[in-house]
Protein chains: 4
Amino acid sequence: MAKIVIAYHSGFGHTKAIAERVHAGAAGVNGVDATLLNVEELPAPGADRSLGGRWGELNAADAIIFGTPTYMGDVSWVFKRFMEYSSGIWFGQGWKDKIAAGFTNSGGLSGDKLQTLHTLMVFANQHSMIWVSTGVTPSIYTGDGKDLNRLSSYSGLMTQADQGPPDKTPPQGDRLSGEAFGARVAQATQRWLAGKA
Amino acid sequence: MAKIVIAYHSGFGHTKAIAERVHAGAAGVNGVDATLLNVEELPAPGADRSLGGRWGELNAADAIIFGTPTYMGDVSWVFKRFMEYSSGIWFGQGWKDKIAAGFTNSGGLSGDKLQTLHTLMVFANQHSMIWVSTGVTPSIYTGDGKDLNRLSSYSGLMTQADQGPPDKTPPQGDRLSGEAFGARVAQATQRWLAGKA
Amino acid sequence: MAKIVIAYHSGFGHTKAIAERVHAGAAGVNGVDATLLNVEELPAPGADRSLGGRWGELNAADAIIFGTPTYMGDVSWVFKRFMEYSSGIWFGQGWKDKIAAGFTNSGGLSGDKLQTLHTLMVFANQHSMIWVSTGVTPSIYTGDGKDLNRLSSYSGLMTQADQGPPDKTPPQGDRLSGEAFGARVAQATQRWLAGKA
Amino acid sequence: MAKIVIAYHSGFGHTKAIAERVHAGAAGVNGVDATLLNVEELPAPGADRSLGGRWGELNAADAIIFGTPTYMGDVSWVFKRFMEYSSGIWFGQGWKDKIAAGFTNSGGLSGDKLQTLHTLMVFANQHSMIWVSTGVTPSIYTGDGKDLNRLSSYSGLMTQADQGPPDKTPPQGDRLSGEAFGARVAQATQRWLAGKA
């Protein structure tokens, strides 16, 4: 089984709604064990750098998909705190050669979501991970009617929510994009696992 | 008179259409002398680093607004070549303390336009310039009916063109955003000039 | 008087050591009132978005210089939390047209400090501020013996600390760079203030 | 055999010197066929989008390692032109799921090399490639005497050259870092190939 954790933070539920679709897309791939993990639940490292709670799930994962809102032009501070809590793992390079990918949601069509994806890529690279791109040709080029990759993002999944509850927004195309993204990362993880010497 | 040059490259006319609106917005401010300059016209530096053609207009400007399409995730190579042609000016810090700003157009709603704006900011900072932000609250928050700053960009102006000729696309709101952006940079330039000791 | 606030976070004292030099450089310019403000001291906004403590100093400032360590490839989470606490100010565009600049310290010679500066620029641009570049030719080109701008940074000040206490590291050239940076931003602020209609 | 192409541009020979070491590191892994390709040699696409010259080597590769100097804060214009020449391949997603990685050289210790690496990552992501991080703990943490990853870069390899000929600078540690980087990407490519269903 390929173990995939979707490690996300969500302030108002919109990023969570996408995280659930990314999870569904990954879990829908045969042979994949996918788990949702809200990073707010993860405790701070102990004085001896020990990590309790659900940190072990991240350490045991074959892939981690990072998800966060874009707030004031970057990952949320709650997500950034999680990034720093991982610094002991980084020091020991405990996540080296895991698969990584990322997604973000905000209110603007573009806004500064790419800055957030850059932060996630840099973070994954510090952990010596392997970054999987979106892999979906934007709907402006395919006209596929499903509105996949509506915002034309390549480095990770971008979604956009209007003012409104998370069961109404982001729109359906963005949710389907989440499923496709989860499935792509899951398949890449399986391939990467299968190739291990 | 505050001298402002809009230094742009355009492959298919869409970025030029926005450049013209940025120019109109700047030129419409009392006391501003605004000029459009297609960077393709600028000759390479001579072996002695001398700069002919219209380079003198850039060196004499109080502000330079940089504009380029986003192609394959960054400024166009024609624009990048212009950036490198300016390296002799950079070495002598000839543009130090000029005002700078930037805009970019592409086919996606977000795409990688922020990467292009980052490249323009980094370039302006290498020249020790002063960067003026967009300064326009996005239409998703104002609901002003003019669709100003439709894509929610802050570091510079982002516009988006569909497949179609430059007289049809980008849409009217993006063109009005170009005018507002040119006017904002012009006013900032006047203020900066007026404050010179 | 031009009012300048250096709003910083420091984990182990190295960023604070640079913040103090930036403060000294700004305060040393005639007609400048410069203040150090550790963003950890700033309270969260109230339920009615009211801001107590020293938030008023930021709102009254003519320029804000942002400073943060680079941790795990970006601004510290404590600094990011401050950024989000400012979202009510952002919504009302209360910092529009203030001068902004930024600095960061980390253990690597390059590391991901530019990612941190990008985050600070994007943040300042969201607030519709005016960004002042470093303005100092790197020591590799000047050979001035003072080791100014040792790391060749343009978008903001980069400094580097070895393992060691903050009175020993970062080195003297980085501290002098801090002073030069503070003075440059102070002078730009005075010019910008003097030009106000 | 895993086919790896190091696709680089070099202005004065320093980036080429590193490209040669990256090539040596990759070629030194058993079962790897590594090739150096100066992107200046690649012809523009024909009017019918056909690609002659050595473009076929890139299309046949299992991995492409991109290398470019950082000039004026970004990839060289010659490298950017190559990126745009690849837009027909991008349209057909011909490089999808190839392995990618990147390196850059410049005169400053940090400078804006991270901006160049961001451009390369965004470019690889547009091509739906899989990005391999540096994977080498910086020498400031290892004190290994070999000065590997001297500049503490994670997203790709950063090297730094003083004024001087390419046989003297960058220093030996940067060259060894090039070899380690080539070997790491080669091993990741083999694993990725082996896992293909």
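Summary table below
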{"read-out": "Tally, over the stretch C:1-36, of residues that are in contact (Cβ under 8 Å) with a residue 12 or more places away in the chain and either buried (at least 22 other Cβ atoms within 10 Å of the Cβ) or among the polar types (S, T, N, Q) (or both)", "value": "21"}
{"read-out": "Members of the stretch C:177-197 that are charged (D, E, K, R) and either within 12 Å of another protein chain (Cβ to nearest Cβ) or within 24 Å of residue D:150 (Cα to Cα) (or both)", "value": "C:184, C:191, C:196"}
{"read-out": "Test for residue B:162: is it open to solvent by less than 10 Å² (accessible area, probe 1.4 Å) and of a type outside the set (Ser, Thr, Tyr)", "value": "no"}
{"read-out": "The lone exception for residue A:74 - which of (1) at positive phi; (2) within 14 Å of chain B (Cβ to nearest Cβ) it fails", "value": "(1)"}
{"read-out": "Those residues of the stretch D:59-113 which are under 18 Å from residue D:43 (Cβ atoms) and acidic (Asp, Glu), in sequence order", "value": "D:84"}
{"read-out": "Of the criteria (1) touching an Asp or Glu at 6+ places or on another chain (Cβ under 7 Å); (2) over 29 Å from residue D:191 (Cβ atoms), which one residue A:54 fails", "value": "(2)"}
{"read-out": "Qualifying residue in the stretch D:58-69 (condition: within 13 Å of chain C (Cβ to nearest Cβ), buried (at least 24 other Cβ atoms within 10 Å of the Cβ) and of a type outside the set (A, V, I, L, M))", "value": "no"}
{"read-out": "Residue match in the stretch A:56-73 (condition: in a loop (DSSP other than H, G, I, E, B) and among the polar types (S, T, N, Q))", "value": "no"}
{"read-out": "Close pairs (8 angstrom Cβ cut-off, 6 or more residues apart or separate chains): more than 7 Å from every other protein chain (Cβ to nearest Cβ) in the stretch D:85-111, surrounded by fewer than 17 Cβ atoms within 10 Å (Cβ to Cβ) and of a type in the set (Lys, Arg) anywhere", "value": "D:88/D:49"}
{"read-out": "Subset of the stretch C:37-50 [crowded, with 20+ Cβ neighbours inside 10 Å and either more than 14 Å from chain A (Cβ to nearest Cβ) or more than 30 Å from residue A:90 (Cβ to Cβ) (or both)]", "value": "C:37"}
{"read-out": "Residue count for the stretch C:111-148, restricted to those that are out of contact with any strand residue (DSSP E or B) (no Cβ under 8 Å at 6 or more places or on another chain) and either more than 25 Å from residue A:70 (Cβ to Cβ) or polar (S, T, N, Q) (or both)", "value": "16"}
{"read-out": "Any chance residue D:79 is touching a Gly at 6+ places or on another chain (Cβ under 6 Å), open to solvent by less than 10 Å² (accessible area, probe 1.4 Å) and among the aromatic types (Phe, Trp, Tyr)", "value": "no"}
{"read-out": "Subset of the stretch A:12-37 (residues that are in contact with a Lys or Arg (Cβ under 8 Å, 6 or more places away or on another chain) and farther than 20 Å from residue A:134 by Cβ)", "value": "A:33, A:35, A:37"}
{"read-out": "Residue B:128 vs. criteria on the phi > 0 side of the Ramachandran plot, in a loop (DSSP other than H, G, I, E, B) and at pLDDT 95 or above", "value": "yes"}
{"read-out": "Top-ranked residue of the stretch C:84-121 - restricted to ones that are among the hydroxyl-bearing types (Ser, Thr, Tyr), open to solvent by less than 10 Å² (accessible area, probe 1.4 Å) and within 22 Å of residue D:73 (Cα to Cα), ranked as nearest to the chain's Cα centre (by Cα)", "value": "C:104"}
{"read-out": "Residue list for the stretch C:32-47, filter: closer than 22 Å to residue C:123 by Cβ and either of a type in the set (Val, Ile, Thr) or assigned to a helix (DSSP H, G or I) (or both)", "value": "C:35, C:39, C:40, C:41"}
{"read-out": "Residue D:197 of a type in the set (A, V, I, L, M), outside any loop (DSSP other than H, G, I, E, B) and open to solvent by 20 Å² or more (accessible area, probe 1.4 Å)", "value": "no"}
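Yes/no per residue for (1) at pLDDT 95 or above; (2) in a loop (DSSP other than H, G, I, E, B); (3) open to solvent by 10 Å² or more (accessible area, probe 1.4 Å); (4) more than 8 Å from every other protein chain (Cβ to nearest Cβ):
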{"site": "C:123", "(1), (2), (3), (4)": "yes, no, no, no"}
{"site": "C:134", "(1), (2), (3), (4)": "yes, yes, no, no"}
{"site": "C:140", "(1), (2), (3), (4)": "no, no, yes, no"}
{"site": "C:145", "(1), (2), (3), (4)": "no, yes, yes, yes"}
{"site": "C:155", "(1), (2), (3), (4)": "yes, yes, no, no"}
{"site": "C:158", "(1), (2), (3), (4)": "yes, no, no, no"}
{"site": "C:170", "(1), (2), (3), (4)": "yes, yes, no, yes"}
{"site": "C:175", "(1), (2), (3), (4)": "yes, no, yes, yes"}
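A quick yes/no check of all residues on (1) in contact with a strand residue (DSSP E or B) (Cβ under 8 Å, 6 or more places away or on another chain); (2) in a loop (DSSP other than H, G, I, E, B); (3) modelled with pLDDT of 95 or more; (4) not basic (Lys, Arg):
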site	(1), (2), (3), (4)
D:4	yes, no, yes, yes
D:17	no, no, yes, yes
D:20	yes, no, yes, yes
D:30	no, yes, yes, yes
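Let's see how each residue does on (1) polar (S, T, N, Q); (2) in contact with a Gly (Cβ under 6 Å, 6 or more places away or on another chain); (3) at pLDDT 95 or above:
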position	(1), (2), (3)
B:26	no, yes, yes
B:33	no, no, yes
B:40	no, no, yes
B:52	no, no, yes
B:116	yes, no, yes
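The values are calculated or read from the model by the stated rules, or taken from the named source; none is laboratory data. Just so it is clear, the model here is predicted, and its values are computed rather than measured. All Cβ positions, glycine included, derive from the backbone under ideal geometry; neighbour counts span all protein chains shown. For the accessible areas, the whole protein counts, side chains as well, though only heavy atoms, and no ligand, DNA or RNA atoms are used. Shrake-Rupley method; radii C 1.70, N 1.55, O 1.52, S 1.80 Å.
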